[in-house]
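Below is one structure, written out as structure tokens, with a few remarks after it.
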Amino acid sequence: MRDDAFNHRNSGREPTFPSGVERGSGRLLAVVPAYNEAGAVAQVVRALRERAPDFDVIVVDDGSTDDTATRARAAGATVVKLPFNLGIGGAVQAGFVYALEHGYDYVAQVDGDGQHEPAELEKLLDAMLSGPGVDMVCGSRFITADYRYPAPISRRTGIHVFAFVLTRIVGQPISDPTSGFRLYNSRAIALFARDYPHDYPEVEAILMVHAHRLRMAEVPVRMHVRDSGRSSIGKTHSLYYMIKVSLALLAGLMRRRAVVEPGEPAPVSSAH
Amino acid sequence: MGSRIQIAAIGFALLVLVGVFELVRRRRLRERYALLWMAAALVMLVLAIWKHLLSTLSSAVGIATPSNALFVVALAFVLLLLLHFSVSVSRLADQNRVLAQRLALLEERTRTGEPAPQEQEDPEREADRMPTG
């Protein structure tokens, strides 16, 4: 599958967004986790359908108390509504399980708050299909020299600390480990459908990808400032975030395998 | 505080730290719950090692024997953990209730072959609030 995609990629570069049929690159799914994003989610879904038309769109409503699900459905997305809030990790994982059950070959993760630009998915897809064996592509805010990311200094410091640590662990430059703008191939989908971190999953996911000998790449993207709603990481939670992710990274490093493999003991079996 | 009880306290705190970390590593304990245990163990460890802090603390609140202050601190953490668990259990019970209800409704629907309920859609309101698109 990956070789096919790779060969096809070499056969000709198209300037427009690649059509799934022409490239033969398989079925594409955009997973949009959304928690109380009624003000932004419809716009995100519409933007995806306009600027990334090859992607089917599924919104995972993470137990919202507003009408996020209704609006997403009205905008044309398939909606999976979780009965209560699982947190971003559980919501995204529901998307992976959906993709696995419905036989999707690639999953894009796009935040429900409108900070990711759907047109940039093309860059992620290009990086996935141009490099052999790239299983996860992350959009990074910090690769371009002229990046502007108006975040509080504490948040940026946290991001750069984890970037520094991860770069040393995985042995390849990681500039934006907290980015939730990502593209996964079928190997990454199968991995994360089995096991995905709970609370703040992005940083740990990179370690899991590395531990399972999958490969990742980063591409520069621009991100918008949030339109509405609240970040999953509030100011008061910054410290908890740092400590929790540090502990998770340390525990992950001490594990023989970062993800539960078939046949290994696990408290809960998530997929299948 | 005698040096034997000091060594015992240090050993116990270290045991808790290592044990909790091992549980996280084996995925038997989520980081969220491990952190409170680790904080408790770390405070105990600091107080057990740093005798001066413990005796300052105990004289400040009027406890004659410093080792008793250590027990008080440990007891406080135990109470905090218990409260934390009560909150967690309450949340889990709520989630469990919701799951049971949803499952029962779903079962009934599959038994009768009734289609999924359509959401009430109000296209005008949608158009009002989302002018772009």
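Readers should treat all values here as calculations from the given coordinates under stated rules, not as data from a laboratory. What you are looking at is a predicted structure, and each value in this text was computed from that prediction instead of being measured. Every residue, glycine among them, receives a Cβ derived from its backbone with ideal geometry; neighbour counts consider all protein chains shown.
Would you kindly give the portion of the calculated P(r) for the stretch A:86-178 that falls above 15 Å, as a percent of all Cα pairs? Distances greater than 15 Å cover 72 percent of the Cα pairs.
Between the listed residues B:H84, B:G11, B:T112, the Cα displaced farthest toward the positive end of the dipole of chain B, a dipole computed from Cβ unit charges relative to the Cα centre, is found at B:G11. Peptide B:25-36 shows a mean partner chain C-beta count of 5 within 10 Å per residue C-beta.
For the segment A:240-252, counting C-beta atoms of other chains within 10 Å of every residue's C-beta and taking the mean gives 3. Between the stretch B:1-70 and the stretch A:174-202, the C-alpha centres lie 36 angstrom from each other. Which helices, taking whole DSSP H runs in chain B, have alpha carbons extending 27 angstrom or more along the helix axis plus mean Kyte-Doolittle at least 0.5? Result, helices passing both filters: B:3-25, B:66-112. Highest mean packing comes first when the peptides B:72-82, A:174-184 are listed by Cβ atoms within 10 Å, giving A:174-184, B:72-82. Taking other Cβ atoms within 10 Å as a rough exposure proxy, A:D67, A:D113, A:D61, A:D126 sort from fewest to most as A:D126, A:D67, A:D113, A:D61. Ranked by how many other Cβ atoms sit within 10 Å of their own Cβ, fewest first, the residues A:Y35, A:Y106, B:Y33 fall in the order B:Y33, A:Y35, A:Y106.
Normalized C-alpha radius of gyration of chain B, against 2.2 N^0.38 Å? Scaled against compact globular proteins, the figure is 1.85.
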